[in-house]
1. Taking strands (runs of 3 or more DSSP E) that do not extend beyond the range B:367-408, which have at least 2 residues that are touching a residue at least 40 places away in the same chain (Cβ under 8 Å), buried (at least 19 other Cβ atoms within 10 Å of the Cβ) and touching a helix residue (DSSP H, G or I) at 6+ places or on another chain (Cβ under 7 Å)?
2. Being under 15 Å from the mean Cα position of the chain (by Cα) and either closer than 19 Å to residue B:163 by Cα or at pLDDT below 95 (or both) is the filter here; which residues of the range B:406-455 pass it?
3. Quick check on residue B:45: is it modelled with pLDDT of 95 or more and under 23 Å from residue B:179 (Cα atoms)?
4. Give the range B:62-94 a look and list any residue that's more than 29 Å from residue B:16 (Cα to Cα) and either out of contact with any strand residue (DSSP E or B) (no Cβ under 8 Å at 6 or more places or on another chain) or modelled with pLDDT under 95 (or both), or say none.
5. Out of (1) farther than 19 Å from residue B:320 by Cα; (2) surrounded by 18 or more Cβ atoms within 10 Å (Cβ to Cβ); (3) modelled with pLDDT of 65 or more; (4) facing another protein chain (nearest Cβ under 7 Å), what's the single condition that is false for residue A:42?
6. With the condition kept exactly as written, say whether any residue in the range B:301-317 is part of a loop (DSSP other than H, G, I, E, B), modelled with pLDDT of 95 or more and more than 8 Å from chain A (Cβ to nearest Cβ).
7. Could you tell me whether residue B:63 is more than 25 Å from the chain's Cα centre (by Cα), on the phi < 0 side of the Ramachandran plot and in contact (Cβ under 8 Å) with a residue 40 or more places away in the chain?
8. State the number of residues belonging to the range B:73-102 that are surrounded by 22 or more Cβ atoms within 10 Å (Cβ to Cβ) and closer than 25 Å to residue B:228 by Cβ.
């Protein structure tokens, strides 16, 4: 699942659960997830990781708000 | 009136020599709590009667020649995540209001065995999920020097209590910096040992693969005494040198490495200046300081976030479904965020953690420790969500974690200690990071750093700011 698809599903589910205030937090989390997925140190089944393996997945803007 | 003497080392020696009594010291601490807790909100529970009884027992044993060691008769508090038999472990949450512990946490049992007097349980950020202590079912803990400010968190009540003379030390937990951040904010020493060294049995978890426990206290020597007690070390302490006699740092000049890239890139101007002054004092003492870089430091926040939120969500999922209204709103939302993290991304974060661990190992090669700030800003105002640094608005929570969370991810031991003060008198904290598995060696290095630029911090009434007290 791409980060974009994940974010859409997560926001939809949060709204369904009556938690619309989760949206900005999920958007921030998506940026962190994008950074994690595109980090150069990830392993890849093809044997050669490409940081743009998921086109359009890196999301612009500042980093996430941390849990603690 | 602040209790005298000021550190556990001084108090222990005075008790053993029978120059004072545990009962008198505990009475003074309880009096201080009664006087100041309505303002600072540092304690959730105070064990008045039990503490006095424990103190009298300690005095009887010491008078009979049975001195158990450096913590015997010493008043200590516990972050209210630690189980104490017969008491509620609130975790600063209404979710836990019906909980009563049926036994002591392992760490609490070890403190009792050592003769420590447990005076009470301290306030925290709800379930330890925050850096300011603002979100607590019991209201925010407040900074002893300026009650409009946060004492840091999540072990904020612990730091406020120690800094204000309500007890001599407090045992906290640290998942992203929650011992070192409030220690730095309040001008104290805070130790996060190597991951896994001290038992978290009987401690409410936040993120089990990142959680550590350790002391908040007034000197490195005190931290060493508590660390040795909590790991069951019975070797005699060299109290003058801040560690067990056979492992205290030797007299060779310190070799320290500063991970300037990333960690020092976003600092409050006064913190930056205070840190550079501390570096200069270390150089004047003969230390060698070199710059190093943790290559993937920029990935640490994302790695940390995916681990801490996933693990916290696993622990809280049932309560979030059954009693969501019993959480404070912001903590509830951050926990809910963790429920959406995919397993594949948690696995990526675990892989990233191994990389960071290796990179921190690498920059520690050939030096005695890393040296960096513990907290990028002075104690923030309560209720203020952002701070301005270098022309940019930064979320308080992010900026408070920036210098500490790396070493929860990597598991390396780290000590926060005071290194200066702002022009307003607010403490500035430095941090020393040691080799994985060598917390005792780190304490020796930290004692040498402490000796180079600061004296043990006094309680508030005589407090003039770290670095100004000698």
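1. On the way: elements: B:369-373, B:386-389, B:392-395.
Counting at least 2 such residues, we get B:369-373.
2. Answer for the range B:406-455, where residues must be under 15 Å from the mean Cα position of the chain (by Cα) and either closer than 19 Å to residue B:163 by Cα or at pLDDT below 95 (or both): B:415, B:416, B:417, B:418, B:427, B:428, B:429, B:430, B:431.
3. Criteria met by residue B:45.
4. Across the range B:62-94, the qualifying residues are B:86, B:91, B:93, B:94.
5. (2)
6. No, because not a single residue in the range B:301-317 is part of a loop (DSSP other than H, G, I, E, B), modelled with pLDDT of 95 or more and more than 8 Å from chain A (Cβ to nearest Cβ).
7. It is true that residue B:63 is more than 25 Å from the chain's Cα centre (by Cα), on the phi < 0 side of the Ramachandran plot and in contact (Cβ under 8 Å) with a residue 40 or more places away in the chain.
8. 12
The values are calculated or read from the model by the stated rules, or taken from the named source; none is laboratory data. Values in this document were obtained by computation on a predicted structure and should not be read as measured data. In this analysis, Cβ positions are derived from the backbone assuming ideal geometry, glycine residues included, and neighbour counts consider all displayed protein chains.
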